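Here's the structure, in structure tokens; my notes come after.
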Amino acid sequence: MRHVRLVRLVRLVRHVRHVRLVRHVRHVRHLTASLARTFLALLGACALGLSVSCENIERLDESPQVVRVEREKRPTRKPLEVEVPTMMRGTVASEAIILGYRDVVVRGFGLVVGLRGTGSRQLQTDVRAFMIQEMGRRGVGVPPLDEFTPDQLLDSLETAVVIVEGVVPAGAVAGTAFDVRVYAAPGTSTTSLEGGRLYSCDLRPGPLSTSNRQAAMIAIANGPVFVNPFAEPNRANVSRTAGRILDGGKVTRNMPLKLRLFNASHNRAATLQTAVNSSFPREPGQREATARGESGESLVIQIPPSFGNRSRDFIELLRHTSLSLDAPESIALQIRRSLLANPTEDEAAAWRWESLGVRVLPMIQDLYDHPEMRPRVAALRAGARLNDALAAQPLLILAREGSTNDRMGAIQLLGDMGLNPMIDKGLRDLLMDRDVDVRTEAFIALAKRRDPAIRSTPVMKKFELWSGPSKVPTVYVSQAGTPRIAIAGPELVKLDLPLTISIWSNRLMLKGDLGDEEVEVFYRPADGGQHIVSDGPVELLEFVRFLAHRTSVEDPRPGLDLAYGEVVGVLHELWKAKLIKVDFKAEQDRLLAAILRLENEEEDEERPEFSDPDFDFLDPENTEEVATTRDASLAPLDPVRPGGSQGVQTPKGGIVPR
């Protein structure tokens with residue numbers, strides 16, 4: 001009985017628990033549904049009032065997104081259609097142009113010291129501030145090395161601020177020397193630069209400026225000033241406030257050269273690189289290959305050391321280099337046929353033959369005596385530059401019998417050829433020629449060949465004094481490169497006695513009687529210093545040494561201590577007075593003419609590289625215009641006109657295929 005009750009009680013408890021559980025679940029479900037209905041209602045209300053109420057709700061910051069920006073691709077250059085002359089087909093010039101194939105005018109402000117009271121303390125304010133800054137940067141006026149401050153130097157009448165300008169050859173390598181011209185800065189009262197010396201100064205391309213925005217320095221200049229030696233002081237038509245410094249400029253960094261393909265192509269660029277490096281292999285001391293590709297449209301060119309002083313020759317050979325490396329004999333015959341069909345292409349033919357090398361000589365040797373002059377001269381030029389001994393005799397005949405220009409060109413080619421006794425004898429014979437230009441050119445050629453008949457001695461580190469045999473006495477003076485005085489037939493040249501002459505407004509006077517072995521000399525320096533009275537030799541060679549010699553304890557021989565320009569001036573005055581019976585020949589001064597010509601070619605434009613030393617002005621992307629005409633620097637020089645000019649813009653980075 002009890003058992004039955006217990007079972008019923010257990011069932012009742014289970015039933016109650018089940019009922020409670022069911023009710024709880026139903027309650028939870030009801031509550032969940034209610035909450036869900038409330039949430040949906042609120043959500044709907046928010047959606048309805050979004051345009052009003054959501055604007056006042058502060059939103060969370062969105063996480064930053066990384067945006068990938070692709071570099072803008074360089075626009076593809078349109079293919080260029082270039083008309084290539086028949087003679088130039090298959091060459092580097094038929095596939096590319098040379099960037100940097102232009103001479104560059106450089107300028108700067110400088111300070112000439114050592115004047116004899118002919119300087120100036122007047123100076124424009126901006127130029128004065130610039131000079132003080134430059135002098136401080138170079139350590140000028142810093143004690144105890146310098147006694148005077150920059151201000152004191154600028155205020156001295158023994159100094160003058162000048163403008164220095166020169167022409168850096170195309171493709172010049174670091175260390176290349178060039179002549180510079182100096183003239184008194186505007187706004188100064190300088191009366192003469194005679195006897196002065198230029199302190200080192202920087203030279204830059206572009207307009208002359210005192211601002212901080214200038215091109216990077218590419219050259220420096222310094223040295224003694226060489227004033228016009230043929231100018232008589234106090235003459236109204238001659239200015240002594242301008243002069244030159246022979247070999248006074250020096251390039252401080254390699255001038256860049258690049259080849260830019262007419263139509264970009266990696267295959268063509270590789271072909272050009274192979275052809276150039278095969279023709280101009282790397283030389284000892286050359287850091288990189290001659291041609292180095294930097295893209296499918298350009299190659300960087302490095303001038304080999306053997307062409308360091310002949311950058312223009314290298315550029316011409318580079319342009320005329322054949323792309324084909326096989327069968328140079330066949331190419332030489334093609335050039336020959338083209339030349340005979342069109343003789344006006346003689347210059348290009350000579351360069352192409354030379355670029356092919358000595359294997360072309362058998363194909364051109366029969367042209368050495370060709371009846372037509374242009375093919376004949378082209379073959380002789382190539383043969384001489386390739387040092388073909390068979391070209392010597394035809395060149396000597398041309399030097400004796402040709403036109404004046406052909407004679408001069410033949411002598412120059414003979415002077416550059418290798419050791420050959422026949423050439424030396426032939427050039428010595430030309431020292432007796434009636435034409436003074438021919439005699440002078442032969443003398444220079446013999447000196448270049450280091451002929452033992454030509455003697456050269458330095459004179460007080462001022463100039464070189466050359467002497468050599470000749471039956472026709474000649475005096476030659478240089479006005480470019482190394483200062484030089486050459487006397488041909490010195491044993492025949494003496495001062496013509498009796499003589500009495502006054503030079504430079506009585507500052508220099510000479511007097512001698514017939515039969516005297518010496519002449520009386522009176523000299524008063526331009527600065528009013530102690531005058532000199534001495535006896536000078538009658539022989540012209542020794543008289544030149546006497547004029548330049550500086551008397552010292554180590555060498556007490558008498559002398560006047562004249563500068564190179566002053567010595568040349570004395571010789572010129574003696575020649576004009578017919579007191580030395582010689583032919584007088586002065587080298588043509590081409591510096592000013594070259595500067596003026598480049599000025600006329602330059603354009604007035606803003607150049608970004610002037611303010612950025614690292615600007616690659618040969619980058620094809622930075623080149624706006626490509627000229628397709630021949631380099632004007634090879635054209636005849638314009639006539640020299642007096643005076644200087646300022647504000648010259650730099651030449652464009654230059655581009656000259658032919």
For this session: Any chance you could tell me what percent of the C-alpha pair distances in the stretch 390-462 go past 15 Å?
Result: 48
For this session: Compute the distribution of all C-alpha to C-alpha distances in the stretch 264-456, in bins of 5 Å from 0, and list the percent of pairs in each, rounded to whole numbers.
Result: 1, 8, 15, 16, 16, 15, 12, 8, 5, 2, 1, 0
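Could you tell me which of the pairs 462/576; 494/576; 494/585; 471/494 are separated by over 22 angstrom between their Cα atoms in the structure shown?
Long pairs (Cα-Cα over 22 Å): 462/576.
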For this session: Could you tell me the distance between the Cα centroids of the stretch 116-179 and the stretch 265-297, to the nearest Å?
Result: 42
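Which order results if 250, 461, 576 are arranged by neighbouring Cβ count within 10 Å, fewest first?
Exposure proxy ranking, most exposed first: 461, 576, 250.
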Seminar exercise, completed: Here the tail fraction of P(r) beyond 22 Å, over all Cα-Cα pairs of the stretch 422-501, rounds in percent to 26
Exercise. What are the extents of the Cα atoms of the stretch 474-586 along their three principal axes, listed from largest to smallest and rounded to whole Å?
Worked result: 38, 34, 30
For this session: Using DSSP to define loop residues, name the GluC sites (Glu not before Pro) in the stretch 476-577 whose beta-carbon has at most 13 other beta-carbon atoms within 10 Å.
Result: 517, 554
Exercise. What dipole magnitude, in Debye to the nearest 20, does the stretch 264-456 give about its Cα centre under +1 on Lys/Arg Cβ and -1 on Asp/Glu Cβ?
Worked result: 380
Exercise. Which value in Å does the Kirkwood hydrodynamic radius of the stretch 244-317 take, with 1/r averaged over all unlike C-alpha pairs and then inverted?
Worked result: 13.5
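Return the FRET efficiency for the residue pair residue 309, residue 577: r is the Cβ-Cβ distance, R0 is 51 Å, and the value is rounded to the nearest 0.05.
0.85
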Problem set entry | Extension gain (nm, one decimal) between residue 158 and residue 288, 0.36 nm per residue minus Cα-Cα | 42.0 nm
Problem set entry | Cβ-placed point charges (K, R +1; D, E -1), dipole of the stretch 474-586 about Cα centre in debye, nearest 20 | 480
Problem set entry | residue 480 versus residue 247: modelled label distance in nm, points set 7 Å from Cα along the beta carbon direction | 1.5
Exercise. Taking 0.36 nm per residue of separation and subtracting the Cα-Cα distance, what length does fully extending residue 200 through residue 453 add?
Worked result: 87.3 nm
Exercise. Which residue, chosen from 279, 311, 266, occupies the Cα position most advanced towards the positive end of the dipole of the stretch 220-318, where the dipole is computed from +1 (Lys, Arg) and -1 (Asp, Glu) charges on Cβ about the Cα centre?
Worked result: 311
For this session: Report the paramagnetic label zone for residue 551: residues of the stretch 436-471 whose backbone N is under 19 Å from a point 7 Å from Cα along the Cα-to-Cβ axis.
Result: 460
Exercise. Roughly how big is the stretch 531-581's charge dipole about its Cα centre, with Cβ charges of +1 (Lys, Arg) and -1 (Asp, Glu), in debye to the nearest 20?
Worked result: 260
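Quick note: the coordinates plus some simple rules give every number you see, no bench work behind them. Everything numeric in this text was worked out from a predicted model, so none of it was measured. Using ideal geometry, Cβ is built from the backbone for each residue, glycine included, and neighbour counts are taken over all protein chains shown.
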